[in-house]
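First the structure, in the form of structure tokens, and then the observations on it.
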Amino acid sequence: MSNYKAPDHKREQFRRYLEKVGVVDSLTSVLVALYEQPEKPTNALEFVKQHLGTPGLTAADTEALQQEVVDLRQRCARLEEENLDLKARLQRHEPPDEGAVVE
């Protein structure tokens, strides 16, 4: 019987941890909100994800932010290439300083 107490003890510790950090309250709030929906969403999992995520952030907002990240990474890559090109062009026109460090 002592073998069953260890998992129960670990389970109880984990439950207390989830309560302490607010996970239980958050999940309960989302599930209550889902329960109280007059028309149940077709995708309950998406409903839960949206309500557990950043408050007020919709799937469209998330998609827009993801696209912005992609766009900014592409812009950064283009600017890095342009920077390297400009440095190379500058070096062709000016002799390098003896003590200067060129990256």
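The values are calculated or read from the model by the stated rules, or taken from the named source; none is laboratory data. Here the structure is a predicted model, which is why all the values come from computation and not from measurement. Heads up: the accessible areas ignore ligands, DNA and RNA and are worked out on the full protein's heavy atoms, side chains in. Shrake-Rupley method; radii C 1.70, N 1.55, O 1.52, S 1.80 Å.
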Point to revise | Accessible-area value, Asp25, 1.4 Å probe, nucleic acids and ligands omitted, Å² | key: 100 Å²
**Study point:** Full-extension gain in nm, Ala44 to Ser29, via 0.36 nm per residue minus C-alpha separation
**Key:** 4.0 nm
Practice item. Kindly report, to the nearest 10 Å², the accessible surface of Glu19 as traced by a 1.4 Å probe over protein heavy atoms only. Key: 90 Å²
Exercise for review: Report, ordered by chain and residue number, the lysines lying within cross-link reach of Lys10, taken as a straight Cα distance under 28 Å and ignoring same-chain residues fewer than 8 apart.
Suggested key: Lys20, Lys49
Practice item. Report the extension gain between Val21 and Leu84 in nm, rounded to one decimal, defined as 0.36 nm multiplied by the number of residues separating them, less their alpha carbon distance. Key: 17.9 nm
